[in-house]
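S.K.: If you scroll down you'll find the structure; I have some questions about it.
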Amino acid sequence: MYTRFGAPVVLIGISFITAVVMFGFLYDTIATDTYEVELFQLSEETIRAAKTVEDPVRTELERERAAQEVQPSYQYIEEIANNQAALVESLFGYVFEAQQTNEQTGEEEPEPSDYGAALGELRETIRLLEQNENGLQLTDDMLLSLLVLEEDMLWHVEWEVQNRVLAALQEPLREAGVTQARNSAEQEIRENDQIPASAIPAVVAITRSSIIRNEVVNEELTEVQIEQARASVEPTRILQGQVLIQKGQLIDREVFRQLELAGMTEQRSNFRPAVALSFFVLIAAGLLLLVLQSSKVEGVKKVIRLTIVFAVIALSLLMMKLLEVISGNFDVVIDFIYPTAFAGILVRLLVDERTAVFVTILLSACAGMLLQSGYAGIFQMDAALYVLFGGLTGIYLIRSGQRSIRILPISLAVGGIHLLYVAFYLLVNQSQYTPEEIGFYAAAAIAAGLLSGTLATGLLPLFETAFGILSTMKLIELSNPNHPLVKRILTETPGTYHHSVMVANLSDAACEAIGANGLLARVGCYYHDIGKTVNPQYFIENQTHGNAHDRLKPEQSRDIILAHGKDGAAILRKHKMPKELIDIAEQHHGTTLLKSFYYKAKEQHENVPEQEYRYEGPKPQSRENAIIMIADSLEAAVRSKDAASPEKIRELVDSITEDKLKDGQFDDCDITLKELKKAKSVMCETLNGIFHSRIAYPDDKK
């Protein structure tokens, strides 16, 4: 739904659903049932419509029915057949060119193993063809089976494919018939003994991908026909004198709706509470949308956050409703057992503090309407303040930047606030309470605090799993040095581990300075280079007996170095690590150029494509990933310097950041130049603290 309609529409939709749910929970509390005609009751007399009115619901249903009966209008596009044949010709042309390139190497009768360069060139050439929406995917074995064909056989195979494609597309072909057409063409190819068996898989793949629909829906014409069909439907009316319900008949929802539409119910004054409640829930949903819109997160994350808030609000309202339903069975006020801080703690851990505060205020207002404990009136201030104070206490005890969250002390603190408020409540009421009642209220206050922490802690993993949220508690768990993957880095690549810790310190400080998630950056750095454990001896920080790359060709070194990001992401996926950490492993080099081996390769071959020596990316998608990219390059650069004075560190930080910026590595994230400037300043301070000058102690041997 997000990709189809866009984040703003989805956010508005979820906000509206939130308002509807709130309205549903609160309506019974504020509405007064004064209908003379009640739903699902037997009518005491026959009722006829007093006037003629249009029935918009029935009219719309008829128009929708007419619109659904309109068959789509299709349009046949003749050019598609020639276009697909041309694509086939281009593809085989690329294969022929690759063969010619291979023949220029001097091999009279090349073996399949001698086609490596030609295969690589062909793979790069057809990359755009494989990116279209027709599903063309050719493996290296498939391409090699074409490359080894004789020239005459290659052109014959091309002719066979073009004939099959043109034959399949000479008649109109809709989406539903594409699969059958592809299967028929594939069967003909497999039964054709003039095509080498080794080339069959490649020929089948090319043929199937080239057969596409050539008759598509004419959206504009179909839409015009739908509108004409809708416009042709006459409005449905309830006619004056029409019998709406016979005496003794059950008043169902449809009859009741018609009675309201015809003005046959005397409930005009009873619409006021519903209208008033509508204003309340719309204000609440609108403010919630504004709170989330002002946060610095991407569109999809905003949708996830609003969905989380909706779920928490609905669950909280459900608990309030249950208390309201059973409260009449008790002689004491059982509302004090409601877990006031549950929603605030959960939203604080999963979303942010500002949203948690708003949700707490909103739920306190709802509690004032739902938790009335049998009192008359629309709003009960006692319940509202109880929920407000308890909820805010739970939120503000979880401080920003806190690296450990102890739920039990927070729950006890909330329970303490509850006790103070209960004491206030009992004293203000100036009623006589028995020791048993006072004990019950005190126990309920403590239990509500403990229940808040218990529910929040218990539901947190469920929300994390359902919405893919990486919470502070999960990050703290992943930062444990005893985590198996961290221990793997430490034992297999101790140099990489030290490098990761240094990068984590730099990234954490810089992210905190610009308001990004420093803890996420720190934990991500611990795992970002885990791909180096695949070939640890080829990374400088793990080398103790010379540079292993001195014995390798630039291409071999390039493949090893460029692979560590993807290898790391694969390892993290295998161990089901959070997506944010996988993104850091994939994006911390972006699409930067592996300069050392690129220039080394250029010394051997003048025309070396620069793209072959760039990381696959993607580029950093978040501010945290951008900071980690800078810190990763910076730590390695500073470590390679013999002397790291403040001036040299400053020059190095500026140079590396400027290089990344000019290379377009920050184009896909929302980091600003102001934030980069602040991050650079913090990194300089951190590095100066690490590489500060030390006193030269005298040698005892002298």
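The values are calculated or read from the model by the stated rules, or taken from the named source; none is laboratory data. Fair warning: this is a prediction, and the values are worked out from it, not measured in the lab. Note that each Cβ is placed from the backbone with ideal geometry, even for glycine, and that neighbours are counted across all protein chains shown. Keep in mind that these areas ignore ligands, DNA and RNA; they rest on the heavy atoms of the full protein, side chains included. Shrake-Rupley method; radii C 1.70, N 1.55, O 1.52, S 1.80 Å.
S.K.: Pairs, please: C-beta under 6 Å, at least 6 apart or cross-chain, first residue open to solvent by 20 Å² or more (accessible area, probe 1.4 Å) and in the range 197-225, second in a helix (DSSP H, G or I) and not aromatic (Phe, Trp, Tyr)?
M.R.: SER198/SER145; PRO201/MET142; ARG208/ARG182; ARG213/GLU175; ARG213/VAL178
S.K.: Please find, among PRO578, PRO554, PRO536, the residue that is over 19 Å from ALA637 (Cβ atoms), at pLDDT below 90 and open to solvent by less than 10 Å² (accessible area, probe 1.4 Å).
M.R.: Details: PRO578 fails: open to solvent by less than 10 Å² (accessible area, probe 1.4 Å); PRO536 fails: open to solvent by less than 10 Å² (accessible area, probe 1.4 Å).
Criteria check complete, one pass: PRO554.
S.K.: So GLU606 fits all but one of (1) open to solvent by 50 Å² or more (accessible area, probe 1.4 Å); (2) modelled with pLDDT of 90 or more; what number is the exception?
M.R.: Checking GLU606 against (1) open to solvent by 50 Å² or more (accessible area, probe 1.4 Å); (2) modelled with pLDDT of 90 or more, the one that fails is (2).
S.K.: Which condition does GLU492 not pass, out of (1) surrounded by fewer than 17 Cβ atoms within 10 Å (Cβ to Cβ); (2) closer than 30 Å to THR393 by Cα; (3) over 30 Å from the mean Cα position of the chain (by Cα), if it passes all the others?
M.R.: So GLU492 meets the others, but not (2).
S.K.: Turning to a different aspect of this structure: Scanning for something over 17 Å from TYR338 (Cβ atoms) and of a type in the set (Phe, Trp, Tyr), does the range 392-403 turn up at least one residue?
M.R.: yes
S.K.: Can I ask one more? Among the numbered criteria (1) out of contact with any helix residue (DSSP H, G or I) (no Cβ under 7 Å at 6 or more places or on another chain); (2) modelled with pLDDT under 90; (3) of a type outside the set (Phe, Trp, Tyr); (4) open to solvent by 60 Å² or more (accessible area, probe 1.4 Å), which one does LEU318 miss?
M.R.: Tallying (1) out of contact with any helix residue (DSSP H, G or I) (no Cβ under 7 Å at 6 or more places or on another chain); (2) modelled with pLDDT under 90; (3) of a type outside the set (Phe, Trp, Tyr); (4) open to solvent by 60 Å² or more (accessible area, probe 1.4 Å), LEU318 fails exactly one: (2).
S.K.: Pairs, please: C-beta under 8 Å, at least 6 apart or cross-chain, first residue on the phi > 0 side of the Ramachandran plot and in the range 503-516, second outside any helix (DSSP H, G or I) and of a type in the set (Lys, Arg)?
M.R.: Listed by first residue and then by second, the contacts come to GLY515/LYS296.
So that you can scan it fast, the table gives a plain yes or no per residue for (1) free of Cβ contacts under 8 Å to residues at least 60 places away in the same chain; (2) farther than 21 Å from LEU136 by Cβ:
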site: MET153; (1), (2): yes, yes
site: GLU160; (1), (2): yes, no
site: VAL165; (1), (2): no, no
site: ALA168; (1), (2): yes, no
site: SER184; (1), (2): yes, no
site: ARG190; (1), (2): yes, no
site: GLN194; (1), (2): yes, yes
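Listed here are the residues, each with its yes/no results for (1) of a type outside the set (D, E, K, R); (2) touching a Phe, Trp or Tyr at 6+ places or on another chain (Cβ under 7 Å); (3) surrounded by 14 or more Cβ atoms within 10 Å (Cβ to Cβ).
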| residue | (1), (2), (3) |
| --- | --- |
| MET153 | yes, no, yes |
| ALA176 | yes, no, no |
| GLN194 | yes, no, no |
| GLU227 | no, no, no |
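S.K.: Can I ask one more? If you take the residues of the range 85-116 that are open to solvent by 70 Å² or more (accessible area, probe 1.4 Å) and modelled with pLDDT of 75 or more, which of them is farthest from the chain's Cα centre (by Cα)?
M.R.: Looking at the filtered set, the residue picked out is GLU97.
S.K.: Ok, one more. Give the residues of the range 562-575 that are within 21 Å of LYS660 (Cα to Cα) and open to solvent by less than 20 Å² (accessible area, probe 1.4 Å), sorted by residue number.
M.R.: HIS564, GLY565
S.K.: Just to be sure I understand the filter: pairs with C-beta atoms under 6 Å, separated by 6 or more residues or on different chains, first member in the range 431-449 and under 26 Å from GLY394 (Cβ atoms) and free of Cβ contacts under 8 Å to residues at least 60 places away in the same chain, second member among the aliphatic types (A, V, I, L, M) and part of a helix (DSSP H, G or I). Which pairs pass?
M.R.: none
S.K.: Next question, about the same structure. Out of everything in the range 45-84 that is in a loop (DSSP other than H, G, I, E, B) and within 25 Å of VAL224 (Cβ to Cβ), what residue ends up being farthest from the chain's Cα centre (by Cα)?
M.R.: Step one: filter the range 45-84 for residues in a loop (DSSP other than H, G, I, E, B), giving 45-46, 49-52, 55, 69-73, 77-78.
Restricting the remaining residues to those that are within 25 Å of VAL224 (Cβ to Cβ) gives 69-73, 77-78.
Numbers: GLU69: 37, VAL70: 37, GLN71: 37, PRO72: 35, SER73: 37, ILE77: 38, GLU78: 41 Å.
Per the stated criteria, the residue is GLU78.
S.K.: Which residues, counting only those in the range 226-245, are without any contact (Cβ under 8 Å) to a residue 40 or more places away in the chain and assigned to a loop (DSSP other than H, G, I, E, B)?
M.R.: Hit for the range 226-245 is GLU234, nothing else.
S.K.: Here's another thing I want to ask about it. List every residue pair whose Cβ atoms lie under 6 Å apart, where the two residues are 6 or more positions apart in sequence or sit on different chains, the first residue falls within the range 246-264 and is more than 12 Å from LEU39 (Cα to Cα), and the second residue, located anywhere, is at pLDDT below 75 and open to solvent by 40 Å² or more (accessible area, probe 1.4 Å).
M.R.: Every condition considered, the pairs that remain are LYS247/GLU45.
S.K.: Continuing with this model, one more query. Picking from LYS677, LYS648, which residue would you name as being at pLDDT 90 or above, more than 19 Å from HIS589 (Cβ to Cβ) and open to solvent by 40 Å² or more (accessible area, probe 1.4 Å)?
M.R.: When all the criteria are applied, what remains is LYS677.
Residue by residue, here is whether (1) at pLDDT 85 or above; (2) of a type outside the set (Lys, Arg); (3) open to solvent by 30 Å² or more (accessible area, probe 1.4 Å) holds:
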residue: VAL300; (1), (2), (3): no, yes, yes
residue: PHE310; (1), (2), (3): yes, yes, yes
residue: ALA314; (1), (2), (3): yes, yes, no
residue: GLU324; (1), (2), (3): no, yes, yes
residue: VAL359; (1), (2), (3): yes, yes, no
residue: SER364; (1), (2), (3): yes, yes, no
residue: SER373; (1), (2), (3): no, yes, yes
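S.K.: Also: List the pairs whose first member sits in the range 353-371 and is closer than 18 Å to LEU289 by Cα and of a type in the set (Lys, Arg), whose second member is open to solvent by less than 10 Å² (accessible area, probe 1.4 Å) and in a helix (DSSP H, G or I), and whose Cβ atoms are under 8 Å apart, counting only residues at least 6 apart or on separate chains?
M.R.: Every condition considered, no pair remains.
S.K.: Those residues that are loosely packed, with under 14 Cβ neighbours inside 10 Å and either hydroxyl-bearing (Ser, Thr, Tyr) or in contact with an Asp or Glu (Cβ under 9 Å, 6 or more places away or on another chain) (or both), I need them from the range 229-242; list them, please.
M.R.: SER232, GLU234, PRO235
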